[in-house]
Amino acid sequence: MLKLLKDPLLHFLLIGACLFALSAWRGEWIRGGRERIVITADQVAQVRGAAEVLKGRAPTDDELAALIEPTIRDEVLYREALALKLDQNDDEVRKRLVDKMNYLTQDTADPAPSSDAELRKFYDESPARFETPELATFDQVFFSPAERGDSVEAAAKAGIAALRAGRSADEAGDHTPLRASYENAPRDQVQVLFGDAVAEALFTLPPGDWTGPYRSDFGLHAVRLRARTARRLPPFDEIRDQVAAEFAADRRRERNEAEYRRMRAHYDVVIEKPN
(Lines give C-alpha, C1' and ligand atoms only; values in the text may rest on other atoms or scores of the structure.)
Protein backbone atom coordinates (compact mmCIF):
# COMPACT_ATOMS: atom_id res chain seq x y z
CA MET A 1 0.00 0.00 0.00
CA LEU A 2 2.84 2.37 0.92
CA LYS A 3 4.54 1.55 -2.39
CA LEU A 4 1.34 2.36 -4.27
CA LEU A 5 1.04 5.74 -2.58
CA LYS A 6 4.56 6.62 -3.76
CA ASP A 7 3.80 5.66 -7.38
CA PRO A 8 4.30 8.77 -9.68
CA LEU A 9 1.49 7.55 -11.97
CA LEU A 10 -0.99 7.66 -9.09
CA HIS A 11 0.16 11.19 -8.24
CA PHE A 12 -0.39 12.23 -11.87
CA LEU A 13 -3.90 10.75 -11.94
CA LEU A 14 -4.86 12.37 -8.64
CA ILE A 15 -3.60 15.78 -9.74
CA GLY A 16 -5.48 15.44 -13.03
CA ALA A 17 -8.69 14.48 -11.24
CA CYS A 18 -8.37 17.47 -8.91
CA LEU A 19 -7.80 19.84 -11.83
CA PHE A 20 -10.80 18.38 -13.67
CA ALA A 21 -13.01 18.77 -10.58
CA LEU A 22 -11.81 22.34 -10.02
CA SER A 23 -12.44 23.27 -13.61
CA ALA A 24 -15.90 21.73 -13.54
CA TRP A 25 -16.69 23.57 -10.31
CA ARG A 26 -15.67 26.84 -11.97
CA GLY A 27 -17.93 26.07 -14.93
CA GLU A 28 -15.14 25.49 -17.42
CA TRP A 29 -15.37 22.84 -20.12
CA ILE A 30 -12.48 20.41 -20.50
CA ARG A 31 -11.91 18.99 -23.96
CA GLY A 32 -10.76 15.43 -24.06
CA GLY A 33 -8.81 15.23 -27.29
CA ARG A 34 -10.27 15.14 -30.79
CA GLU A 35 -14.03 14.77 -31.07
CA ARG A 36 -15.76 12.79 -33.78
CA ILE A 37 -18.13 14.31 -36.29
CA VAL A 38 -19.89 11.60 -38.25
CA ILE A 39 -21.58 12.33 -41.56
CA THR A 40 -23.80 9.29 -41.99
CA ALA A 41 -24.10 7.25 -45.15
CA ASP A 42 -27.72 8.38 -45.46
CA GLN A 43 -26.66 12.03 -45.38
CA VAL A 44 -24.01 11.40 -48.04
CA ALA A 45 -26.55 9.56 -50.19
CA GLN A 46 -28.98 12.46 -49.94
CA VAL A 47 -26.32 14.98 -50.96
CA ARG A 48 -25.16 12.77 -53.84
CA GLY A 49 -28.75 12.26 -55.03
CA ALA A 50 -29.49 15.99 -54.97
CA ALA A 51 -26.26 16.71 -56.87
CA GLU A 52 -27.15 14.12 -59.52
CA VAL A 53 -30.55 15.77 -60.05
CA LEU A 54 -29.00 19.23 -60.39
CA LYS A 55 -25.98 18.28 -62.49
CA GLY A 56 -27.44 15.37 -64.45
CA ARG A 57 -24.53 13.17 -63.41
CA ALA A 58 -22.91 11.72 -60.31
CA PRO A 59 -20.61 14.19 -58.52
CA THR A 60 -16.89 13.52 -58.35
CA ASP A 61 -15.29 12.79 -54.98
CA ASP A 62 -13.99 16.35 -54.76
CA GLU A 63 -17.41 17.80 -55.65
CA LEU A 64 -19.09 15.57 -53.10
CA ALA A 65 -16.61 16.62 -50.42
CA ALA A 66 -17.25 20.29 -51.22
CA LEU A 67 -20.99 19.75 -50.94
CA ILE A 68 -20.65 18.01 -47.58
CA GLU A 69 -18.23 20.56 -46.11
CA PRO A 70 -20.95 23.14 -45.17
CA THR A 71 -22.62 20.49 -43.00
CA ILE A 72 -19.32 19.78 -41.28
CA ARG A 73 -18.67 23.50 -40.86
CA ASP A 74 -22.05 24.01 -39.20
CA GLU A 75 -21.43 21.12 -36.80
CA VAL A 76 -17.94 22.39 -35.92
CA LEU A 77 -19.21 25.91 -35.24
CA TYR A 78 -22.17 24.55 -33.27
CA ARG A 79 -19.92 22.47 -31.01
CA GLU A 80 -17.44 25.31 -30.57
CA ALA A 81 -20.31 27.61 -29.58
CA LEU A 82 -21.46 25.06 -26.99
CA ALA A 83 -17.89 24.77 -25.71
CA LEU A 84 -17.83 28.53 -25.19
CA LYS A 85 -21.31 28.33 -23.59
CA LEU A 86 -22.74 30.78 -26.09
CA ASP A 87 -26.09 29.07 -25.66
CA GLN A 88 -26.33 30.36 -22.10
CA ASN A 89 -27.90 33.72 -21.20
CA ASP A 90 -28.88 34.32 -24.81
CA ASP A 91 -32.51 35.39 -25.30
CA GLU A 92 -32.57 34.38 -28.97
CA VAL A 93 -31.28 30.88 -28.27
CA ARG A 94 -33.66 30.60 -25.33
CA LYS A 95 -36.62 31.59 -27.52
CA ARG A 96 -35.67 29.06 -30.20
CA LEU A 97 -35.43 26.29 -27.62
CA VAL A 98 -38.77 27.28 -26.09
CA ASP A 99 -40.38 27.33 -29.54
CA LYS A 100 -38.94 23.93 -30.37
CA MET A 101 -40.12 22.47 -27.07
CA ASN A 102 -43.57 23.94 -27.66
CA TYR A 103 -43.65 22.26 -31.05
CA LEU A 104 -42.48 18.93 -29.65
CA THR A 105 -45.04 18.91 -26.85
CA GLN A 106 -48.03 20.17 -28.82
CA ASP A 107 -50.55 17.44 -29.49
CA THR A 108 -51.16 18.05 -33.19
CA ALA A 109 -52.92 14.73 -33.79
CA ASP A 110 -56.68 14.97 -34.23
CA PRO A 111 -58.67 13.42 -31.40
CA ALA A 112 -60.77 10.37 -32.08
CA PRO A 113 -63.99 11.12 -33.98
CA SER A 114 -66.73 12.26 -31.65
CA SER A 115 -70.29 10.99 -31.60
CA ASP A 116 -73.14 13.18 -32.76
CA ALA A 117 -74.44 13.18 -29.20
CA GLU A 118 -71.17 14.71 -27.93
CA LEU A 119 -71.12 17.27 -30.71
CA ARG A 120 -74.75 18.27 -30.20
CA LYS A 121 -74.12 18.73 -26.47
CA PHE A 122 -71.08 20.90 -27.27
CA TYR A 123 -73.15 22.90 -29.78
CA ASP A 124 -76.00 23.42 -27.30
CA GLU A 125 -73.63 24.52 -24.53
CA SER A 126 -71.68 27.00 -26.70
CA PRO A 127 -74.15 28.72 -29.05
CA ALA A 128 -72.20 32.00 -29.13
CA ARG A 129 -69.25 30.22 -30.78
CA PHE A 130 -71.37 29.27 -33.77
CA GLU A 131 -73.56 32.32 -34.25
CA THR A 132 -73.25 34.24 -37.51
CA PRO A 133 -72.96 37.95 -36.61
CA GLU A 134 -75.12 40.67 -38.04
CA LEU A 135 -73.77 41.52 -41.50
CA ALA A 136 -74.06 44.57 -43.73
CA THR A 137 -73.70 44.87 -47.50
CA PHE A 138 -73.08 48.48 -48.49
CA ASP A 139 -71.45 51.04 -50.77
CA GLN A 140 -69.37 53.99 -49.64
CA VAL A 141 -68.04 57.20 -51.20
CA PHE A 142 -65.11 59.08 -49.69
CA PHE A 143 -64.55 62.83 -49.44
CA SER A 144 -60.94 63.80 -48.68
CA PRO A 145 -60.02 66.66 -46.30
CA ALA A 146 -56.53 66.62 -47.83
CA GLU A 147 -57.95 67.44 -51.27
CA ARG A 148 -60.89 69.64 -50.31
CA GLY A 149 -59.59 71.39 -47.18
CA ASP A 150 -62.12 73.36 -45.12
CA SER A 151 -64.81 72.88 -47.75
CA VAL A 152 -64.84 69.09 -47.38
CA GLU A 153 -68.10 68.99 -45.41
CA ALA A 154 -69.93 71.17 -47.91
CA ALA A 155 -68.50 69.08 -50.73
CA ALA A 156 -69.66 65.88 -49.01
CA LYS A 157 -73.22 67.20 -48.61
CA ALA A 158 -73.29 68.30 -52.24
CA GLY A 159 -71.87 64.93 -53.28
CA ILE A 160 -74.57 63.04 -51.36
CA ALA A 161 -77.25 65.13 -53.07
CA ALA A 162 -75.66 64.30 -56.42
CA LEU A 163 -75.55 60.58 -55.55
CA ARG A 164 -79.24 60.62 -54.63
CA ALA A 165 -79.93 62.31 -57.95
CA GLY A 166 -78.24 59.43 -59.77
CA ARG A 167 -74.65 60.61 -60.18
CA SER A 168 -72.05 57.82 -60.15
CA ALA A 169 -69.88 57.24 -57.08
CA ASP A 170 -66.69 57.75 -59.12
CA GLU A 171 -67.80 61.23 -60.13
CA ALA A 172 -69.09 62.29 -56.71
CA GLY A 173 -66.19 61.36 -54.39
CA ASP A 174 -62.41 61.26 -54.07
CA HIS A 175 -59.86 58.48 -54.43
CA THR A 176 -59.35 56.20 -51.42
CA PRO A 177 -57.62 52.85 -50.85
CA LEU A 178 -60.84 51.65 -49.19
CA ARG A 179 -63.16 49.61 -51.37
CA ALA A 180 -66.26 51.17 -52.87
CA SER A 181 -68.46 48.18 -51.91
CA TYR A 182 -68.45 45.62 -49.10
CA GLU A 183 -70.38 42.36 -49.02
CA ASN A 184 -71.55 40.82 -45.73
CA ALA A 185 -69.23 42.84 -43.50
CA PRO A 186 -69.55 42.27 -39.73
CA ARG A 187 -69.92 45.26 -37.45
CA ASP A 188 -66.44 44.97 -35.92
CA GLN A 189 -64.84 45.10 -39.39
CA VAL A 190 -66.86 48.21 -40.28
CA GLN A 191 -65.83 49.86 -37.01
CA VAL A 192 -62.15 49.17 -37.63
CA LEU A 193 -62.24 50.51 -41.19
CA PHE A 194 -64.70 53.39 -40.92
CA GLY A 195 -65.25 54.16 -37.23
CA ASP A 196 -68.25 54.12 -34.93
CA ALA A 197 -70.38 56.64 -36.82
CA VAL A 198 -70.47 54.64 -40.06
CA ALA A 199 -71.00 51.36 -38.18
CA GLU A 200 -73.88 52.82 -36.18
CA ALA A 201 -75.55 54.07 -39.36
CA LEU A 202 -75.17 50.81 -41.27
CA PHE A 203 -76.46 48.66 -38.42
CA THR A 204 -79.42 50.84 -37.40
CA LEU A 205 -80.77 52.63 -40.51
CA PRO A 206 -82.94 50.80 -43.03
CA PRO A 207 -81.54 49.89 -46.46
CA GLY A 208 -82.17 52.37 -49.21
CA ASP A 209 -80.67 55.70 -50.24
CA TRP A 210 -77.33 57.39 -49.62
CA THR A 211 -76.87 58.89 -46.13
CA GLY A 212 -74.18 60.89 -44.38
CA PRO A 213 -71.71 62.38 -44.25
CA TYR A 214 -70.06 60.34 -41.48
CA ARG A 215 -66.60 61.09 -40.19
CA SER A 216 -63.81 58.52 -39.92
CA ASP A 217 -60.08 58.77 -39.28
CA PHE A 218 -59.61 59.22 -43.04
CA GLY A 219 -62.22 61.87 -43.76
CA LEU A 220 -65.94 61.95 -44.57
CA HIS A 221 -68.05 59.16 -46.06
CA ALA A 222 -71.41 58.75 -47.67
CA VAL A 223 -72.85 55.25 -47.32
CA ARG A 224 -75.70 53.31 -48.90
CA LEU A 225 -76.90 50.19 -47.11
CA ARG A 226 -78.03 47.59 -49.64
CA ALA A 227 -78.80 44.70 -47.29
CA ARG A 228 -78.41 43.64 -43.68
CA THR A 229 -78.75 40.13 -42.26
CA ALA A 230 -79.60 39.55 -38.61
CA ARG A 231 -77.49 37.56 -36.19
CA ARG A 232 -78.44 33.89 -36.38
CA LEU A 233 -77.46 30.50 -35.02
CA PRO A 234 -77.25 28.04 -37.93
CA PRO A 235 -78.87 24.65 -37.28
CA PHE A 236 -76.54 21.91 -36.06
CA ASP A 237 -76.86 19.85 -39.23
CA GLU A 238 -75.85 22.85 -41.33
CA ILE A 239 -72.54 23.38 -39.51
CA ARG A 240 -71.78 19.92 -38.13
CA ASP A 241 -68.24 19.94 -39.61
CA GLN A 242 -67.49 23.30 -37.99
CA VAL A 243 -68.76 22.04 -34.63
CA ALA A 244 -66.61 18.91 -34.94
CA ALA A 245 -63.52 21.03 -35.75
CA GLU A 246 -64.12 23.33 -32.75
CA PHE A 247 -64.74 20.35 -30.46
CA ALA A 248 -61.49 18.69 -31.61
CA ALA A 249 -59.55 21.95 -31.13
CA ASP A 250 -60.86 22.25 -27.58
CA ARG A 251 -59.82 18.68 -26.74
CA ARG A 252 -56.39 19.32 -28.24
CA ARG A 253 -55.91 22.47 -26.16
CA GLU A 254 -56.94 20.59 -23.02
CA ARG A 255 -54.38 17.85 -23.67
CA ASN A 256 -51.66 20.39 -24.39
CA GLU A 257 -52.42 22.23 -21.15
CA ALA A 258 -52.40 18.94 -19.23
CA GLU A 259 -48.96 18.11 -20.68
CA TYR A 260 -47.64 21.54 -19.67
CA ARG A 261 -48.99 21.06 -16.14
CA ARG A 262 -47.30 17.67 -15.97
CA MET A 263 -43.93 19.22 -16.91
CA ARG A 264 -44.44 22.17 -14.57
CA ALA A 265 -45.05 19.81 -11.66
CA HIS A 266 -41.36 18.77 -11.90
CA TYR A 267 -40.29 22.23 -10.70
CA ASP A 268 -40.58 24.20 -7.50
CA VAL A 269 -41.40 27.67 -8.80
CA VAL A 270 -40.23 30.53 -6.60
CA ILE A 271 -41.48 34.03 -7.39
CA GLU A 272 -39.48 36.55 -5.44
CA LYS A 273 -41.20 39.79 -4.49
CA PRO A 274 -39.42 43.06 -5.08
CA ASN A 275 -38.56 45.23 -2.10
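The values are calculated or read from the model by the stated rules, or taken from the named source; none is laboratory data. These numbers come from a predicted model, not from an experiment. Here the Cβ is made from the backbone with ideal geometry for all residues, glycine too, and neighbour counts use every protein chain on show. Accessible surface is based on the protein model in full, side chains and every heavy atom, while ligands, DNA and RNA are left aside. Shrake-Rupley method; radii C 1.70, N 1.55, O 1.52, S 1.80 Å.
Numerical summary
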| item | result |
| --- | --- |
| Degrees separating the helix 152-164 axis from the principal Cα axis of the chain, which is the longest one | 60 |
| Computed [θ] at 222 nm, deg cm²/dmol, the chain (DSSP H ≥ 4; -39,500 (n - 2.57); rounded to nearest 500) | -16500 deg cm²/dmol |
| Angle between the chain longest axis and helix 8-25 axis [Cα atoms, degrees, rounded to 10] | 10 |
| Shape of region 122-275, Cα gyration tensor, a/c cut at 1.5 | oblate |
| Solvent accessible area, Å² - V53, 1.4 Å probe, full protein context | 120 |
| Once the Cα gyration tensor of region 36-110 is diagonalised, semi-axes √(5λ) in Å | 32, 20, 10 |
| Mean-position separation - Cα centroids, region 142-185 and region 248-275, in angstrom | 54 |
| Sequence of E254, E147, E259 from largest to smallest accessible area, 1.4 Å probe | E147, E254, E259 |
| Over region 72-212, relative contact order from alpha-carbon pairs under 8 Å, at least 6 apart, % | 24 |
| Cα shape, region 89-203, gyration tensor, a/c 1.5 rule | oblate |
| For R226, residues with placed amide H under 5 Å, excluding near neighbours | T137, F138, D139 |
| Per residue accessible area of region 147-256, 1.4 Å probe, in Å² | 59 |
| Normalised contact order of the chain, rounded percent, pairs of Cα under 8 Å and 6 or more residues apart | 19 |
| Sulfur and carbon atoms: percent of accessible area, the chain [1.4 Å] | 55 |
| Residues in region 63-99 that a label on R48 would reach, taking backbone N under 16 Å of a point 7 Å out along Cα→Cβ | 63-69 |
| Inter-label distance, nm, simple model (7 Å from Cα along the C-beta direction), R240/E80 | 6.3 |
| In degrees, nearest ten, helix 240-264 long axis to first principal axis of the chain (Cα) | 40 |
| Simple spin-label estimate for E254 and S114 in nanometres, 7 Å along Cα-Cβ | 0.8 |
